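Colleague: My structure is below; once you've seen it, I'll send some questions.
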Amino acid sequence: MSNVSNLVAKRMGYTNLVNDLSEKLPASELNTLLLELFRTRAKKITPAELLRQFEKNRFASPSGVDTIDFKEFEIRCLKLAKSKGFIPITLSPLAPLGTCSAVAFVDQNNVVTALRGTEVVSDATNVFAILIASELKKKKHHGLIKYAATHRHVRSQALSNPAFTAHFGIFCLATGGLDTGSFTFELEQLIDHINIHFSVYSNEFDLNKEKLLLRLYLKEENEIFHQRLKDSMKNMSNLITVKIERQADTGNYYKLVQFKFFLVRNGQEINLSDGGFVDWTQKLIPNKKHRLIISGVGTELIHKMQRAK
């Protein structure tokens, strides 16, 4: 248990409080207990206290984006994805409990956990993984599955930088399919995601005046893939500076390769997007031959950068 949990358990005079609640109570009974607990506490909240909570709770503060401009930007992203064969989808603001921590080694404390066996979506690509795995299990799809969404992510970890907010907009992509051998699937879908990201930046920035940097991080020692990747990068636009580096993923998050786009402004590299291969569907189905590449573009960051400029 955490230090806080230990203190609460001692205060209640029940040292096994957390363990017994998590291990001995069925999920349905624990949910009922928590619902009643929060219903009782909510009844005691006064209007004045509600207003105070709204003013100081970082999760409740509205975004500072220009709403219409930002929505139009999101629509441009979705239309772009659709033109490339992705299916735009509107996701629920909630996901099953453990959506990130069960397959992606994300600490549940970094996610806003809710009741009724759910959590607030902190990463839409994890939801895409579950959706793709579910459709494969039901045999709704047998080949390539490509999804896109714009979504508001909520993260609960403490933030020291005032420019970072507890919730923010992201343009997310996910592509799932079976291995076709010789890294052909991986390279084709990696280039597909990279090209969509590049198209977003081409539309939103003047790349003749600002420098765009693409960093590729090799997560595994594989000379065949490395050479094929280098050959593929020769066809990239001359508006992109490409750098390939070897970088082991100690967090067990990305597999094979990760990519990041940076805009170089005033000598500073600003990370705009991130993506790579993950093994989440392999765990969910399970099928070791299945491949999944995910990526996300920081739409809110880009929007705010454009407004600031």
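The values are calculated or read from the model by the stated rules, or taken from the named source; none is laboratory data. As the structure is a computational prediction, the values presented were derived from the model and not from experiment. No Cβ is skipped: glycine too gets one built from the backbone with ideal geometry, and neighbour counts run over all protein chains shown. When the accessible area is computed, the model is the full protein with side chains, heavy atoms only, and any ligands, DNA or RNA have been set aside. Shrake-Rupley method; radii C 1.70, N 1.55, O 1.52, S 1.80 Å.
Colleague: Determine whether the range 134-146 contains at least one residue that is touching a His at 6+ places or on another chain (Cβ under 9 Å), modelled with pLDDT of 95 or more and surrounded by 14 or more Cβ atoms within 10 Å (Cβ to Cβ).
Modeller: no
Colleague: In the range 60-91, which residues are open to solvent by 60 Å² or more (accessible area, probe 1.4 Å) and either among the small types (Gly, Ala, Ser) or assigned to a helix (DSSP H, G or I) (or both)?
Modeller: Correct list: THR67, ILE68, ASP69, LYS71, GLU72, ILE75, ARG76, LYS79, LYS82, SER83.
Colleague: Here's another thing I want to ask about it. Looking at the range 55-74 only, could you name the residues that are among the aromatic types (Phe, Trp, Tyr) and modelled with pLDDT of 95 or more?
Modeller: Within the range 55-74, PHE70, PHE73 meet the criteria.
Colleague: Between SER28, SER61, SER22, which is closer than 26 Å to MET305 by Cβ and polar (S, T, N, Q)? Show your work before the answer.
Modeller: On the way: SER28 fails: closer than 26 Å to MET305 by Cβ; SER22 fails: closer than 26 Å to MET305 by Cβ.
Going through SER28, SER61, SER22 in turn, the sole match is SER61.
Colleague: Please enumerate the residues belonging to the range 113-128 that are open to solvent by 10 Å² or more (accessible area, probe 1.4 Å) and among the small types (Gly, Ala, Ser).
Modeller: ALA114, GLY117
Colleague: Any residue at all in the range 92-113 that's at pLDDT 95 or above, in a helix (DSSP H, G or I) and either under 21 Å from the mean Cα position of the chain (by Cα) or of a type in the set (S, T, N, Q) (or both)?
Modeller: no
Colleague: Still on this structure, please answer the following. In the list ALA42, ALA81, ALA60, ALA48, which residue meets the criterion of being within 21 Å of the chain's Cα centre (by Cα) and without any contact (Cβ under 8 Å) to a residue 12 or more places away in the chain?
Modeller: ALA60
Colleague: Follow-up question, since we're still on this one. Can you pull out the helices (runs of 4 or more DSSP H) entirely within the range 182-287 that have at least 3 residues that are open to solvent by less than 40 Å² (accessible area, probe 1.4 Å), among the β-branched types (Val, Ile, Thr) and touching a residue at least 60 places away in the same chain (Cβ under 8 Å)?
Modeller: 184-204
Colleague: Please name all residue pairs, on different chains or six or more residues apart, with Cβ atoms under 9 Å, provided the first residue is in the range 18-29 and is more than 19 Å from PRO96 (Cβ to Cβ) and part of a helix (DSSP H, G or I) and the second residue is at pLDDT 80 or above and open to solvent by 70 Å² or more (accessible area, probe 1.4 Å).
Modeller: Once the first residue is more than 19 Å from PRO96 (Cβ to Cβ) and part of a helix (DSSP H, G or I) and sits in the range 18-29, its partners that are at pLDDT 80 or above and open to solvent by 70 Å² or more (accessible area, probe 1.4 Å) give LEU21/LEU33.
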